[in-house]
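The values are calculated or read from the model by the stated rules, or taken from the named source; none is laboratory data. Only a predicted model underlies this, so the values are computations on that prediction, with no experimental measurement involved. Cβ sites come from the backbone with ideal geometry, for glycine too, and all protein chains shown count toward neighbours. What goes into the accessible areas is simple: the full protein's heavy atoms, side chains included, and nothing from ligands, DNA or RNA. Shrake-Rupley method; radii C 1.70, N 1.55, O 1.52, S 1.80 Å.
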Amino acid sequence: MPSDLPETPVVSHADQMVPSDGQRPSRLRRFRDSDLWWSFTHKPSAMISFAVLLLIVVAAFSAPLYVPQNPYDPGQLSLMNAQLPPIWQDGGAAPFLLGTDTQGRDILSTILYGSRISIVIGIAAVALSLFIGVGLGLIAGYAGGFIEGALMRFGDVLLSIPTILIAILVSAVARGALPPAWAEIGAAMVLVFAITLSNWVQYARIVRAQTNVEKRREYVQAARLLKVPAHRIMFRHILPNTLTPVLVAATLSFGLAILTEATLSFLGIGMPPSQPSLGTLIRLGNDYLFSGLWWIVIFPVVQLSLLVVSVNVLGDWLRDVLNPKLR
């Protein structure tokens, strides 16, 4: 029997995303309408941490535009300006806002230049760890069998050794093998390799576990039946579905990489005093902590703490928002 009620049109989700003028929203519009942006704007700790991290990065990489000196250039240093306190204390002088160290280097300049080194080493170590870990994890998970067992057991051996010990061993061997003229030039590359050697395992384990799940799904089985090459299946089909947990792990590992670099530099096997990172500055200033020159060590410690804490808070927020089980 026909009904007098009008039929309700069926509107798909894709139609709901298209405005009345028929144009699809831009990527920026879709991002602002996403759960990620909503969670970020409703999470004060995430916004504050992002603002602090952005301020540190911008200030560090734009430092040559406004700092009073280049602390890595001996020609700009003067012992007449050594051991000046911060400008708000008696004896402080412009333009040394946070005072100077025993060599006449401006503390603010050394902190910003040192932050650049720490940030670059952290990014390079995480990027190299991702490249190695994701690649080996995909191979191990997709191939299975002996290859998977060998790669994962090798990773377990590395995980059984503390990260700092691996980094110390690699740094010591590299410094002994490199000529003295190359020691300072290659210090940053040695640190990146040392941190990578112990950090790639976590990415490999995450990707390997995700790959074991994804390779059993119908779209992978269909690709195999169509004789799609294995490398294309791994990198075009499986890899995109494993990036969410990897992204969270990389964000948290960035802060850990910076701390590892600072620890190695504090122990004297990281960046040299002529090109100090934050860890080197803390080591150099630690000798004068109880002699009244507190500003030489306190300000680098504050900078390192702000950098690592802001990264960790952002990593925790990202883990929560990308994992529905934690919401």
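Assorted remarks:
- Fully extending the segment from T41 to L247, taken as 0.36 nm per residue of separation minus the present Cα-Cα distance, adds 72.2 nm.
- Sites I168 and Q76 - FRET efficiency at Förster radius 41 Å, r taken between beta-carbons, to 0.05: 0.75
- Sorted peptide list for 62-70, 266-274, criterion being average Cβ within 10 angstrom, highest first: 266-274, 62-70
- Based on the reciprocal of the average 1/r between different C-alpha atoms, the Kirkwood radius for the stretch 137-266 equals 16.6 Å.
- Cα centroid separation, the stretch 108-125 to the stretch 257-281 (Å): 10 Å
- Inter-centroid distance (Cα atoms) of the stretch 142-219 relative to the stretch 44-84, Å: 32 Å
- Global form of the stretch 196-235, assessed from the alpha-carbon gyration tensor, a/c cut-off 1.5: oblate
- Accessible surface for the stretch 116-179, divided over its residues, is 48 Å² per residue with a 1.4 Å probe.
- Here the average projected area of the convex hull drawn through the C-alpha atoms of the stretch 207-327 stands at 10.9 nm².
- Mean Kyte hydropathy of 0.0 or more with a Cα span along the axis of at least 30 Å, helices from DSSP in the chain: 107-143, 187-214, 243-266, 295-322
- Note on the chain: Cα-only Rg and Dmax are 25.8, 102 Å.
- Taking every alpha-carbon pair under 8 Å whose residues sit at least 6 apart, the stretch 133-215 reaches a relative contact order of 57 percent.
- Cα gyration tensor shape of the stretch 138-208, rounded if a/c is under 1.5, else prolate or oblate by comparing a/b with b/c: prolate
- Each of L247, L284, S115 was scored by the projection of its Cα onto the charge dipole of the chain, and the greatest displacement toward the positive side belongs to L247; charges sit on the C-beta of Lys, Arg, Asp and Glu.
- Helix-derived mean residue ellipticity, 222 nm - over the chain, DSSP H n ≥ 4, -39500 (n - 2.57), to 500: -20500 deg cm²/dmol
- For the chain, with all protein chains in place and a probe radius of 1.4 Å, 66% of the accessible heavy-atom surface sits on carbon or sulfur.
- In terms of accessible area, using a 1.4 Å probe and ignoring ligands and nucleic acids, R27, R153, R116, R216 rank largest first as R27, R216, R153, R116.
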